[in-house]
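A.B. asks: Have a look at this one.
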Amino acid sequence: MSPTPASRILLLGFLNLLAFPHFSAADIANSGSNCRCLFGDSCWPSASEFSKLAKQVSQPLLNPLPPASPCYPLSRPSGDCDAAQRLWTDPAWRANQSGAMQSANFETFVFRNGTTSACFIDTTFGIPCGQGSVPVAGVDAHSDADIQAAIKFAAAHNLRVVVKGNGHDLSGRSTARGSFVIWTHHMKNIAFHAQFTPTGAPKSEAVAQAITLGAGIQWQEAYDAVNIRNRVLVGGLSPGGTVGAAGGWVLGGGHSVLSPTFGLGVDNVLEFTMISSNGTRLTANAHRNTDLFFALRGGGGGTYGVVTSVTYQTHPNLPLISAVFSATPNGTQTSGVLQTLLTDLMKALPGLSDAGWGGTAFLGADATGNVALSGSFVLFNGTMASANQSTSPFFSAVNRLASTGGNLTFTTSLIPFDSFQTWYTAMSAQGANVAGTNGALGSWLLPRDVIEKQPEHVAETLLPLTGLVMGLYAGGAVARVDPNAMGLNPAWRTTLLHTIFATGWVEGTPVDVIDSLVDQVRQNMTNLRALAPDSGAYFNEASLVEPDPLKAFFGDHRTTLKAIKRIYDPIDMFVVPEGIGSDDFDDALVCKV
């Protein structure tokens, strides 16, 4: 019997393990402990030990502070509090700080007794600034050597390690209380290759027009680098383009409005470089460390090592058509109209997908406070005629509803753009800063067959969800990839719609109120998951996927991924909430259970 793809990957991995060097027992001072060493523990490195580390790295050591810390102490603020308050929601400002997260709630820490350690930007609370969940020390990595020194130091002292790029993390995986951070934000190398041959591959497998991005490169920088060569990348979208292009985005899968045309981020990766937990620099591709290549393509960030670069294939920068719509029911009795609108959209989605559209629809309050259904989609390399034809079924259905007593305001537009970059620039100019908020997410991947067979039921289930985002990021090229080709959740290959909903709260909200809001998300997650119990969730954009998060995030690949993790991270240095290997630790990911 020939081995399955997963067993072949594991066989190669265990062969690698025979030659894989490890730290000796002397290198891991606390190897006998079941728990990581945290700041405040007696095992925490001394000042002299940190001084030795400082001599081994290229930049001063980090002592991260919460982003609101310039406003404290209240009697004599230590920095520019006005600037902190003005820039609090600016994603670029946050990305440039080792202690800041894009979602502010992950900077706080709630103790078991319900009390909180936090540093609030609202100084009227009169509460002293606490460190919360912000790491207390770390390395500002500018090179592989910096990361290797940081890893060896962390292993020698058995520290709780987190890896952080730009803080775009919706599950708090790149920060932890009392931890040691490896900050990759300043690894800004970019190399464009007219011809790229993956390490170990024959020349016949060279790929034209590829780009290698360092771990700190953000999507705005990546898009600029390829645009001057008239190319495009499958990448993330956010105000300011501050999401990392070679970090958690791609390691979790990486979706894009271009995914229906070119696949997910992981489908476009040619090669990774990574530093493992023993300090070894590894190259992973289809010819070298193929088991690691399998895991890094969708098996989750912060789990197998510190990725230092990613090489992507690029694509021609062709014209596209943008479709934008907004449908707002008028009056007080709007639920029936919204139900019809959502049902019409669900019925139209398979056809839009087949035509090549990608994009996002939203259900929530508009600028006037009315609940509206809106959307922004793109058709890459399409014509105006094909755009009109493929959007007509949905737009016509909504127009009929508006003209037959639907009491509905409906606007649409089809706009041609000469390139992806032109569209992206226009879209970014309209985006609002949304960082520095507090919230929790529910999400689920909805398969095409469920939407085709039960459009009314799907719409009925989605309608009560608050802040609903519906991403048409799959189908097309995504569906044509073998589900077992990589560590990505196989559910992506049958998905049509990535659904996300959220709840939020202002800082200082009592813990019991937050718990109540989160419980409502959990209940709605139960209803959403029931639409497709055997599907899953996107690792990068979900925080409440009980009862089995590992199954939800990784599907049948979770066992293979855990075996690969044991090869490349045998000391479990890299563990993140609900990531591979997290089930071996307590809820705080500090002590093994």
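The values are calculated or read from the model by the stated rules, or taken from the named source; none is laboratory data. None of the values given here were measured: they were computed from a predicted structure. Virtual Cβ from ideal backbone geometry, glycine too; neighbours counted across all protein chains shown. Note: accessible area is taken over every heavy atom of the protein model, side chains too, but ligands, DNA and RNA are not part of it. Shrake-Rupley method; radii C 1.70, N 1.55, O 1.52, S 1.80 Å.
A.B. asks: Open to solvent by less than 10 Å² (accessible area, probe 1.4 Å), at pLDDT 95 or above and within 17 Å of the chain's Cα centre (by Cα): does that describe residue 474?
C.D. replies: Details: open to solvent by less than 10 Å² (accessible area, probe 1.4 Å): yes; at pLDDT 95 or above: yes; within 17 Å of the chain's Cα centre (by Cα): yes.
Answer is yes for this residue.
A.B. asks: A further question on this structure: What are the residues in segment 540-574 that are at pLDDT 95 or above and among the polar types (S, T, N, Q), if any?
C.D. replies: 540, 559, 560
A.B. asks: Another question about this same structure. Can you name every residue in segment 339-369 that is closer than 15 Å to residue 457 by Cα and of a type in the set (D, E, K, R)?
C.D. replies: Result: 344, 347.
A.B. asks: Over 27 Å from the mean Cα position of the chain (by Cα) and surrounded by 15 or more Cβ atoms within 10 Å (Cβ to Cβ): is that true of residue 327 in this structure?
C.D. replies: yes
A.B. asks: Could you check residue 411 against (1) assigned to a loop (DSSP other than H, G, I, E, B); (2) open to solvent by 40 Å² or more (accessible area, probe 1.4 Å); (3) closer than 15 Å to residue 361 by Cβ and say which number it fails?
C.D. replies: Residue 411 satisfies all of (1) assigned to a loop (DSSP other than H, G, I, E, B); (2) open to solvent by 40 Å² or more (accessible area, probe 1.4 Å); (3) closer than 15 Å to residue 361 by Cβ except (1).
A.B. asks: Still on this structure, I have one more. Go over the candidates 354, 366, 344 one by one and state the one that is within 20 Å of residue 267 (Cβ to Cβ), open to solvent by 10 Å² or more (accessible area, probe 1.4 Å) and acidic (Asp, Glu).
C.D. replies: Step by step, each of 354, 366, 344 is checked, and only 354 is within 20 Å of residue 267 (Cβ to Cβ), open to solvent by 10 Å² or more (accessible area, probe 1.4 Å) and acidic (Asp, Glu).
A.B. asks: Within segment 379-397, track down each residue that is touching a helix residue (DSSP H, G or I) at 6+ places or on another chain (Cβ under 6 Å) and open to solvent by less than 30 Å² (accessible area, probe 1.4 Å).
C.D. replies: Result: 379, 380, 390, 394, 397.
Quick grid of which residues meet (1) open to solvent by 50 Å² or more (accessible area, probe 1.4 Å); (2) closer than 30 Å to residue 65 by Cα; (3) among the basic types (Lys, Arg):
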residue: 173; (1), (2), (3): no, yes, yes
residue: 179; (1), (2), (3): no, yes, no
residue: 183; (1), (2), (3): no, yes, no
residue: 188; (1), (2), (3): yes, yes, yes
residue: 193; (1), (2), (3): no, no, no
residue: 198; (1), (2), (3): no, no, no
residue: 201; (1), (2), (3): no, no, no
residue: 207; (1), (2), (3): no, no, no
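A.B. asks: Here is a further query. Is it true that some residue in segment 514-533 is open to solvent by less than 50 Å² (accessible area, probe 1.4 Å), part of a loop (DSSP other than H, G, I, E, B) and closer than 23 Å to residue 299 by Cβ?
C.D. replies: yes
A.B. asks: Only residues that are free of Cβ contacts under 8 Å to residues at least 60 places away in the same chain and not polar (S, T, N, Q): list them for segment 301-356, please.
C.D. replies: First, pick out the residues of segment 301-356 that are free of Cβ contacts under 8 Å to residues at least 60 places away in the same chain: 332-334, 336, 344, 348, 351, 355.
Selection gives 336, 344, 348, 351, 355.
A.B. asks: Determine which member of the set 559, 509, 499, 503 is open to solvent by 10 Å² or more (accessible area, probe 1.4 Å), among the hydroxyl-bearing types (Ser, Thr, Tyr), over 26 Å from residue 284 (Cβ atoms) and not in a loop (DSSP other than H, G, I, E, B).
C.D. replies: None of the other options fit; the residue is 503.
A.B. asks: Which count do you get for residues in segment 237-286 that are open to solvent by less than 20 Å² (accessible area, probe 1.4 Å), farther than 16 Å from residue 308 by Cα and in contact with a Gly (Cβ under 7 Å, 6 or more places away or on another chain)?
C.D. replies: Of the residues in that region, 9 qualify.
A.B. asks: Which one of these is out of contact with any strand residue (DSSP E or B) (no Cβ under 7 Å at 6 or more places or on another chain), more than 22 Å from residue 257 (Cα to Cα) and among the polar types (S, T, N, Q): 396, 419?
C.D. replies: After ruling out the rest, the residue left standing is 396.
A.B. asks: Give me the residue from segment 219-236 that is open to solvent by 10 Å² or more (accessible area, probe 1.4 Å) and touching a Pro at 6+ places or on another chain (Cβ under 8 Å) and, out of that set, nearest to residue 479 (Cα to Cα).
C.D. replies: Within segment 219-236, the first condition is being open to solvent by 10 Å² or more (accessible area, probe 1.4 Å), and the residues that meet it are 220-221, 224-225, 227-231.
With the extra rule that they be touching a Pro at 6+ places or on another chain (Cβ under 8 Å), the set shrinks to 230-231.
Working: 230: 27, 231: 23 Å.
If we take residues in segment 219-236 being open to solvent by 10 Å² or more (accessible area, probe 1.4 Å) and touching a Pro at 6+ places or on another chain (Cβ under 8 Å), then 231 is nearest to residue 479 (Cα to Cα).
A.B. asks: Follow-up. Which of the residues belonging to segment 543-581 are closer than 18 Å to residue 154 by Cβ and of a type outside the set (D, E, K, R)?
C.D. replies: Answer for segment 543-581, where residues must be closer than 18 Å to residue 154 by Cβ and of a type outside the set (D, E, K, R): 568, 570, 571, 573, 574, 575, 576, 579, 581.
A.B. asks: I've got another one for you. Taking segment 432-464, which residues are in a loop (DSSP other than H, G, I, E, B), among the hydrophobic types (A, V, I, L, M, F, W, C) and surrounded by fewer than 23 Cβ atoms within 10 Å (Cβ to Cβ)?
C.D. replies: Selection gives 432, 434, 463.
A.B. asks: Name, by its number, the condition in (1) of a type in the set (Ser, Thr, Tyr); (2) at pLDDT 95 or above; (3) loosely packed, with under 14 Cβ neighbours inside 10 Å that does not hold for residue 376.
C.D. replies: (3)
A.B. asks: Against the conditions (1) in contact with a Ser or Thr (Cβ under 9 Å, 6 or more places away or on another chain); (2) part of a loop (DSSP other than H, G, I, E, B); (3) open to solvent by 80 Å² or more (accessible area, probe 1.4 Å), where does residue 60 fall short? Just the number, please.
C.D. replies: Residue 60 satisfies every listed condition except (1).
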